[in-house]
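Have a look at the structure below before the remarks.
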Amino acid sequence: MSEIGFIGLGRMGQSMALNMARKGFKLAIYDIKDDAMKPFLEFNNCRQASNANDTIKYGTIIITVLPGPAEVEEVILAKGGVLDTMPKGTLLMDMSTVLPETTDKIAKAAKLRGCFFVDAPIGRLAQHADSGESLFMVGAEDEAFETIKPALEAMGTTILRCGGPGTGTRTKLINNYLVLSSVQMNSEAIALTQRFGLDLETTLSVIHGTTATNGQLKINFASKVFKNDIEPGFSIDLAHKDMSLIIESANKGKIPMPIAASTRESMSLARANGWGSKDFSALADFWCEMSKVKKARL
């Protein structure tokens, strides 16, 4: 088995790469933070690359999981970057959440170089990445999809092919628009629950028994902020970035999205008050604090 290069060992990337390592994949891992590579020292099948380009030294597949469009373009498209190092026939899979234009630019550049490109943004939460239960929205041509499928199966349980290159990224923006807007609505509702002095557990039982229910409130809030855990699985800073991508894409398509704009500015307010590094479910705490009511805890 040849090496698979893996660049970006943040909260999600590290967990997914570790799942691949545990299942016997040979990896060349790299992150700009040395500490992020330490968990891989116990694996004989993992090599710590000296830089991003070094990850492609002994293989034909490279995976990137990076914070956003700027980092993706810098690592992949910059002069002397990863794409310049990739031999003809190499497959590049970017799993970052970026603008459609970023994905399209990389897909075009990879094709001109005689390489394959797959965009496969990540669905579900950080806890699912930990347990190998992530969902992937995949944009790929037939041959590339079959090549990368075993790696995706090692990292998650649900692989949904959305179409050709670029469709995964576009699907992710739709998905995250609904996720992030739900977080904002949940946060306002929880603050109002606290203002009314209602019992949280009873109120949640009512909500989850009607059509008001949604996954963020039922799953994410219940396992994070309601348990007094606001350490980032997915930070407010990253949520703000994703909502900005959603709004920018909508603006280019002349699609008005007032709730999206309002949600982003809510996150801007939270960031301005020092909450950016907290989990996005912590918006519930932020809105309770803004409303001067007690934080909701189970």
With a cut-off of at most 11 other beta carbons within 10 Å, and DSSP calling the residue loop, which GluC sites (Glu not before Pro) in segment 115-192 qualify? Please list them.
none
Phi to ³J(HN,Hα) by Karplus 6.51 cos²θ - 1.76 cosθ + 1.60 over segment 181-194, Hz, x for Gly, Pro:
5, 5, 4, 5, 4, 4, 5, 5, 5, 5, 4, 5, 4, 5
Computed for the chain: size of charge dipole around the Cα centre, +1 on C-beta of each Lys and Arg, -1 on C-beta of each Asp and Glu, debye to nearest 20, value 260
Once phi is turned into ³J(HN,Hα) by the Karplus curve 6.51 cos²θ - 1.76 cosθ + 1.60 with θ = phi - 60°, what whole-Hz value does each residue of segment 219-226 show in order, with x for glycine and proline?
9, 5, 4, 5, 9, 10, 4, 5
Which lysines, on any chain, are close to K38 with Cα under 23 Å apart, when same-chain ones fewer than 8 places away are left out?
K23, K26, K57
Scoring segment 3-165 by relative contact order with C-alpha pairs under 8 Å, at least six apart, yields a percentage of 20
Tilt relative to the chain, helix 100-112 - C-alpha long axis, 0 to 90 degrees, to 10
10
How large is ³J(HN,Hα) for each residue in segment 142-158, as worked out from phi by the Karplus curve 6.51 cos²θ - 1.76 cosθ + 1.60 (θ = phi - 60°), to whole Hz, x for Gly and Pro?
3, 4, 5, 4, 5, 5, 8, 4, x, 5, 5, 5, 6, 9, x, 10, 10
Cut-off 10 angstrom, C-alpha nodes, Gaussian network model of the chain. Which of G274, G123, G24 fluctuates the most?
G274
Mean separation of Cα contacts under 8 Å (at least 6 apart) over the residue count of the chain, i.e. the relative contact order in percent, is 15
Helix 258-272 versus the longest principal axis of the chain: what angle, 0 to 90°, nearest 10, using Cα atoms?
90
Using amide H atoms built 1.01 Å from N in the peptide plane, name the residues 5+ places from I4, or on other chains, whose amide H lies under 5 Å from its own.
K26, L27, A28
Options [x] 53, 43, 37; [y] 72, 42, 36; [z] 63, 47, 34 are given for Cα extents along the principal axes in Å, and the computed one is [z]
Among A272, A120, A129, which one moves the most in a GNM of the chain with springs linking Cα atoms closer than 10 Å?
A272
Expected sort for K252, K172 with the fewest Cβ neighbours (10 Å cutoff) up front is K252, K172
Per the C-alpha gyration tensor (a ≥ b ≥ c, the square roots of its eigenvalues), segment 3-165 is rounded if a/c is under 1.5, else prolate if a/b beats b/c, else oblate; here it's rounded
Exactly which trypsin sites (Lys or Arg not before Pro) in segment 1-98 are in a DSSP loop and have at most 13 other Cβ atoms within 10 Å?
K33, K57, K79, K88
When Lys and Arg each count +1 and Asp and Glu each count -1, what net charge do the other residues less than 12 Å away from E153, Cβ to Cβ, add up to?
0
Under 5 Å between amide H atoms, partner at least 5 residues away or on a different chain: which partners does G163 have, H built in plane at 1.01 Å?
A140
So what's the angle, to the nearest 10 degrees on a 0 to 90 scale, between helix 11-22 and the longest Cα principal axis of the chain?
50
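Each reported figure results from applying straightforward, stated rules to the coordinates on display, with no laboratory input. Everything quoted here is computed from the prediction, not taken from an experiment. So basically every Cβ, Gly included, is an ideal-geometry build from the backbone, and we count neighbours across all protein chains shown.
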